[in-house]
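To start, the structure under review is shown below, and the notes come after it.
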Amino acid sequence: MSERVEKVLASFAERYGDATGVTVVRAPGRVNIIGEHTDYNGGFVMPIAIERDIMIACRPNGSMQVDLYSVDFGESNGFSLDNIRFNQSCQWVNYPQGVAHCLLEKGFDLKGFDGVVQGNVPLASGLSSSAACEVASALAFKAMSGFDIGDTDLALLCQRAENTFVGVNCGIMDQYVSVFAQPGCAVFLDCKDLRHEDVPLGTKEATFVVCNTMVKRELSGSEYNTRRQQCEEAAKAMDAALLRDVSPETFEAECGKLPEDVRKRARHVISEDERTLRAVAAFKAGDLAAAGKEMNDSHDSLRDDYEVSCRELDIMVDIARGLPGTYGARMTGAGFGGCTVNLVAADKADAFCAEIAKRYKAETGLNPMVLSTEPCGGAGRVETR
Ligand code: ADP
Ligand code: MG
């Protein structure tokens, strides 16, 4: 049993008297390796689950009440399964509440429980602590109430909780990878038909390093909506339901009729799908240099055509590309701040982490969070003995 599981069980015992008969579930955060701003265009994404997760220790309490304690926020909160309402004053409880709400909506019979929530996914950093929270909550309800639900339905239900209950318009990628990830592999997901393939990543030779710029621009929400509209406009002008359905050849032939900014947005999305397919082939062939090149090209396209990068992301990427052992570096997530993801030779990763932190601080005055991670397995029950 890991030290973290022991701690979660200890805080459960402290709060509820003892920890006999307690079940522990976990769900990881994620980082997207390539395939950015493609999900809502029905395209391809390739995320991994990271070595950071949210755990919930739980035990049925024989009532309709869900009583939760958050170790990280140092506060308890609860709700009755008979009366679920959005909580204005306690944000974290809305994730388990939202999941419960959507499960009840689908007709699942839920039972109350006592629970302790503890996580180490950095919050609001683009590593999807919210999806980890939702998926862990869904697994807790499943374990406590004893119903059956398929993995894809579980991921979709968690997305629905975030969209409709929490009120964040996210795609399916985050919840999907948190559920389905296999150790050592990326989840190559087709966002149109929700089918995926595990892609082994050759992680003996290389590791992934996530660097948080520590900036988040306010305009990211409105710009995100504008990009989505521009993509819809482009698809419509080329007689397609989704940009995913427009081939590079069709785009070349037809892009003349698009206004310049819309043309650039579509060019990013269509070329990003191609890059993602090439990156998958490169990882499968163990060609890390080729995979890294696709990651580099992805960043340049996001910066120049999709225009969702920012000064700090570009600085972080430029520093990374100049360091020994870097195969590829790009921004990841929606943009305008947040994180970069880097494919780095395993034996150079420690030096990379130290050096990028130092140089980024020197250039921007900001202290970045730097995190090296293997591709991890997805959500599930945790061994407690
Ligand atoms: P991101 O998904 O990028 O990390 P979000 O703003 O979507 O950022 O979600 C962050 C929210 O998820 C937090 O404000 C909190 O409500 C919830 N959350 C994340 N981690 C934890 C945790 N360890 N315990 C309780 N709630 C958490
Ligand atoms: Mg989130």
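One table, with the values for the structure above:
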| item | result |
| --- | --- |
| Positions within the stretch 189-203 being part of a strand (DSSP E or B), closer than 21 Å to A291 by Cα and open to solvent by 30 Å² or more (accessible area, probe 1.4 Å), in sequence order | H196, E197, D198, P200 |
| Tally, over the stretch 260-283, of residues that are within 22 Å of the chain's Cα centre (by Cα) and among the charged types (D, E, K, R) | 5 |
| Residues being at pLDDT below 95 and either open to solvent by 50 Å² or more (accessible area, probe 1.4 Å) or in a strand (DSSP E or B) (or both) - total across the stretch 357-385 | 3 |
| Hey, E233 touching a helix residue (DSSP H, G or I) at 6+ places or on another chain (Cβ under 6 Å) and either outside any strand (DSSP E or B) or open to solvent by 40 Å² or more (accessible area, probe 1.4 Å) (or both) or not | yes |
| Residues that are over 13 Å from the mean Cα position of the chain (by Cα), over 12 Å from A291 (Cβ atoms) and open to solvent by 10 Å² or more (accessible area, probe 1.4 Å), drawn from the stretch 327-344 | F336 |
| Which listed residue, of D148, D245, is away from ligand 1 (no atom under 13 Å from the Cβ), in contact with a Gly (Cβ under 9 Å, 6 or more places away or on another chain) and over 30 Å from E374 (Cβ atoms) | D245 |
| From D39, D53, residue being under 30 Å from P248 (Cα atoms), open to solvent by 10 Å² or more (accessible area, probe 1.4 Å) and of a type in the set (D, E, K, R) | D39 |
| Residues within the stretch 108-131 that are open to solvent by less than 60 Å² (accessible area, probe 1.4 Å), part of a loop (DSSP other than H, G, I, E, B) and either within 20 Å of N163 (Cα to Cα) or within 16 Å of ligand 1 (Cβ to nearest atom) (or both), tallied | 8 |
| Residues of the stretch 162-173 satisfying the condition of being more than 20 Å from V187 (Cβ to Cβ), crowded, with 18+ Cβ neighbours inside 10 Å and aliphatic (A, V, I, L, M) | V166 |
| Test: residue in the stretch 73-96 that is open to solvent by 60 Å² or more (accessible area, probe 1.4 Å), near ligand 1 (Cβ under 7 Å from one of its atoms) and assigned to a loop (DSSP other than H, G, I, E, B) | yes |
| Sole residue being closer than 19 Å to P183 by Cα and modelled with pLDDT of 95 or more, chosen from M1, M46 | M46 |
| Hits in the stretch 144-167 - residues which are of a type in the set (A, V, I, L, M), part of a helix (DSSP H, G or I) and more than 15 Å from ligand 2 (Cβ to nearest atom) | M144, L154, L156, L157 |
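The values are calculated or read from the model by the stated rules, or taken from the named source; none is laboratory data. All of these numbers come straight from a predicted model, not from anything done at the bench. Virtual Cβ from ideal backbone geometry, glycine too; neighbours counted across all protein chains shown. SASA here: full protein model, heavy atoms, side chains in, ligands and nucleic acids out. Shrake-Rupley method; radii C 1.70, N 1.55, O 1.52, S 1.80 Å.
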